[in-house]
Amino acid sequence: MGDFLLKRLAAIIPTLFFVSILIFGLQQLLPGDPAVAMAGEERDPATIQYLREKFHLDDPLPVRYGYWLKGLVHGDLGDSVRIQRPVTELIVEKLPVTLELGTLAMLIAVLIGVTAGVVAAVMKDTKWDYAANVFALWGLSTPNFWLGILLILLFSVKLRWLPASGYVSPFEDLKANLAGMAMPAFVLGNAFAAVLMRHTRSAMLQALSADYVRTARAKGLDERVVVLRHALRNALTPVITLGALGFGELLSGAVLTEQVFSIPGFGKLIVDGVFNRDYSVVQGVVLFTATVYVTLNLLADVAYFLVNPRMRT
Amino acid sequence: MSSKKRVLALLALGAALAASFASAQTLRIGLAEDPDVLDPTLARTFVGRVVFASLCDKLFDLDEKLDIVPQLATGYEWSPDNKALTLHIRKGVTFHDGEKLDAAAVKFNLERHKTMQGSSRRGELAPVTGIDVVDPYTVRLDLNAPFAPLLSMLTDRSGMMVSPKAAKAEGEKFGAKPVCSGPFKFVSRVAQGPITLQRYDGYWNKAAIHFDKVIFTPVVDSTVRLANLKSGQLDLIERFAPSDMKSIQADSRLKISKIVEIGYQGITINVGKSDLAQKNPLGKDPRVREAFELSLDRQGIVDVAQEGEAVPGNQWVAPNNAWYAKSVPIPKRDVEKAKALLREAGVTNPAFTLMTPTTSDAQRLAQVVQAMAKEAGFDVKIQLTEFSTSLDLADKGQYEAFVLAWSGRADPDGNLQSHLGCKAPLNYAGYCDQETNDLINKSRMTVDRAERQKLFDQIAARIAKDRPIVYLYHRHWLWAYDKKLTGFRTVPDGMIRLQGMKM
């Protein structure tokens, strides 16, 4: 276990190094000059020149990458050109918002997706199975922003139950926080619930037809115990990986959801960063997300160990 | 106490309670974009100005007719040679940190605008060469030449005054916690989220302010912005989509205000920004541009692109503007004449690419233009381009025609010189006609209104002939708000002035 962990940890460093080059390079391919984008309506030539110098935009690419890397090593991701605050500060401020959204969405996705998957597998080829499949198809094919707007029109404008958008900190007012998060978390979790459902269903079908399940049944075990303790536990292994990687996907899905619900989180930060050519924001946030993704991947591998004894040899 | 008296006393108590409730109110405003830095010297966005209107008072303000009225300055005089402007500063005004606003503070601010690194005001105040404190409440600005737009510059960010003490202490970071002298003081801002302001008790015009708090929240999607208004999370939204007009009108709880903007929407044509201009018949031949303009029905474009919420126009100011050149009316659509012009120019099927921002109204505009121009023989290719990219391409002259809007300035010069003056920073057309340029420069130096109007008439005639920009229409500023809100003033600059507003 220790060996395996060390190897995996060592692989993270070169991975992130290549990711950093990729992020930096891709960003520079975007047409548009950040100084011009930032100079606003007036676009005073003196201002543009000043901004270029201030943010080293006139230096050659490798030199600029060097500046960035140097800051990176010192934990400094640079300053946002548009918001005029350090990127690390913005990440610290926005991360809890998006993490909360992602966690709630994941809870909703697991609750709906795994339950529906198990039900569909156990009741294969019944109307419950068909209903779960229709739900999955619907979840996969409904665009986030469209569902978001429909929910706003129903729950905020028509029924006036939930706020249409915005964010309140849970430490300020937990009830208002959850009310504001309900719709975005559902929208974000909904699509992923469909993915989880499909995978849980097929993994469960495989597990239910396995020999050990037949043995368990032959021993006269209660069907609930067979399904939940024997079959589900084995079927969950691939679902856990999917869930861990899916969390990264949820974070990228948050980009659109946060935009629709005006939630000042990571997604909104990155979208506005791209449109304003706010290089350091985009680089910082993407690198951070990549790091989270890589870490989650590692954690998923560790979780395999804990859930699946076959991997411990 | 008789029962009648008791009822009266109760009524009086009720009224007093109601009044105290009314004064302890919060106004929640939905903005269409996220403002940039809240430092008047560095600020660069239209939406930032909407917030400044509650936060930072200016030397002068604009009224509904775009006339310049006093705010922090109570009056002004031009010297006989129009090369010096004397300003009288209002007495008894303090900044939000309690510092006094006087002539020295005004001098500090104007110098800050002129010299601070990264200042966006430098260009606006370039003709000002000296700023002198005449007495504690009088300032004199010396100019290198007469400069007619100066007063109107002082109705915008160049005229905003910040606390010198705070500005010196905070330096570049001042915008994170601005200290001005407006009706509301800064409380907090969540990056890309709400900006909260609180009533300033020392405000010089305190009696006109009826809210305790104002919260500006950027909600970029217009559907969601409106949903917030309809569900009661916002009290007032700016710039709602024209397509939502009917649904708002049908809602008995909401009210609408609108006025024609001071900006314009048009098609900028590359006539000399790069070599591309000479490679395309549209950029090369004025007859082709004339044919293009004649192929367009502006009212039709307004009806489709803006659902009728705009007025057709053919100049940098709208036809209802006092500075509009009436001698240059909007040309009527004439497809036959357009075809004849194209034949004369020897290109019966000219093709060009129309660079179009990705906003839905710009896309609709481009599609209508494409269809109309086709009837005269034009082959218009629409190239959807994200805004920052399009500015970059326009700046490098890598485009043929560009759907471009301008938010407008109170003085017509702000819509004209920087866009069509030779080598001016926003002259994406690359237009440079020496005689027109001389006339533009002369109009800037002419303080006499009638004289200036004559110059604008001449400039309008020349621009209408050369067509570096085909002006199409002037949008309506559209606001929707809770019906309980009263005292909303529609000023063509699109700002929200809280003075006199109540709920």
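Coordinate-derived values only; no laboratory data. Values in this document were obtained by computation on a predicted structure and should not be read as measured data. For neighbour counting, all protein chains shown are included, and Cβ atoms are generated from backbone atoms with ideal geometry for every residue, glycine included.
Some values worked out for this structure:
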| quantity | calculated |
| --- | --- |
| Under the Karplus curve 6.51 cos²θ - 1.76 cosθ + 1.60, θ = phi - 60°, whole-Hz ³J(HN,Hα) for segment B:171-183, x wherever Gly or Pro sits | x, 5, 8, 3, x, 6, 8, x, 10, 10, 10, x, x |
| Average partner coverage of B:36-47, which counts Cβ from other chains inside 10 Å | 3 |
| Label-zone membership for segment A:137-167, site A:ASP173, 7 angstrom Cα→C-beta point, backbone N under 14 Å | A:162-167 |
| C-alpha long axis of helix B:335-345 to longest principal axis of chain B, angle in ° | 60 degrees |
| B:ASN144-B:LYS279 FRET efficiency (beta carbon distance; Förster radius 41 Å; 0.05 resolution) | 0.55 |
| Entries of B:LYS173/B:LYS423; A:LYS54/A:LYS94; B:LYS381/B:LYS465; B:LYS258/B:LYS284; B:LYS258/B:LYS484; B:LYS58/B:LYS442 with Cα pairs more than 29 Å apart | B:LYS173/B:LYS423; B:LYS258/B:LYS284 |
| Vicinal HN-Hα couplings computed from phi for segment B:47-62 (Karplus, 6.51 cos²θ - 1.76 cosθ + 1.60; Hz; Gly/Pro x) | 5, x, 5, 5, 6, 4, 4, 9, 9, 10, 6, 10, 4, 10, 10, 10 |
| Protection proxy ranking, peptides A:190-198, B:424-432, average beta carbon neighbours within 10 Å, highest first | A:190-198, B:424-432 |
| Hull-based mean projected area of segment B:219-369, where the convex hull spans the alpha carbons, in square nanometres | 11.3 nm² |
| Spacing of the two label points (7 Å from each Cα toward its C-beta) at B:LYS442 and A:LEU69, in nm | 6.1 nm |
| Residues whose placed amide H lies under 5 Å from that of B:LYS381, excluding near-sequence neighbours | B:PHE352, B:THR353, B:LEU354 |
| Cα Rg over Rh - segment A:6-114, Kirkwood | 1.09 |
| A:VAL134/B:ARG489 FRET efficiency (R0 35 Å; Cβ-Cβ; nearest 0.05) | 0.05 |
| Alpha-carbon Debye profile of segment B:88-169, log10 I(q)/I(0) at 0.13, 0.15, 0.16 Å⁻¹ | -0.39, -0.52, -0.60 |
| For the protein assembly as shown, alpha-carbon Rg over 2.2 N^0.38 Å | 1.10 |
| Chain B: angle of helix B:434-445 to the longest principal axis, Cα-based, in degrees nearest 10 | 20 degrees |
| For chain A, built as a Gaussian network whose Cα springs stay under 10 Å, the top-fluctuating residue of A:LEU104, A:LEU26, A:LEU188 | A:LEU26 |
| Whether segment A:110-196 is rounded, prolate or oblate, judged on the alpha carbon gyration tensor where a/c under 1.5 counts as rounded | prolate |
| Span per principal axis, largest first, for the Cα atoms of segment B:299-452 (Å) | 45, 36, 35 |
| Residues with amide H under 5 Å from that of B:GLU238, placed H, sequence gap 5 or more | B:GLY30, B:ALA32 |
| The protein assembly as shown, helix-only ellipticity at 222 nm - DSSP H runs n ≥ 4, -39,500 (n - 2.57), divided by all residues, nearest 500 | -15500 deg cm²/dmol |
| In degrees, nearest ten, helix A:61-73 long axis to first principal axis of chain A (Cα) | 60 degrees |
| Chain lengthening between B:GLU77 and B:ALA250 when straightened (0.36 nm per residue, less Cα-Cα) | 57.3 nm |
| Relative pair counts by distance (%), Cα atoms of segment B:102-149, 10 Å bins | 28, 51, 21, 0 |
| Rounded to 5, the percent of DSSP beta bridges in the protein assembly as shown classed as antiparallel | 75 percent |
| Sorted peptide list for A:146-156, B:403-413, criterion being average Cβ within 10 angstrom, highest first | B:403-413, A:146-156 |
| Per DSSP, loop trypsin sites (Lys or Arg not before Pro) in segment B:45-90 with at most 12 further Cβ within 10 Å | B:LYS65 |
| Most positive-pole-ward Cα, B:ALA464, B:MET153, A:THR241, against dipole of the protein assembly as shown from beta carbon charges | A:THR241 |
| Against the rule of thumb 2.2 N^0.38 Å, how large the Cα Rg of chain A comes out | 1.20 |
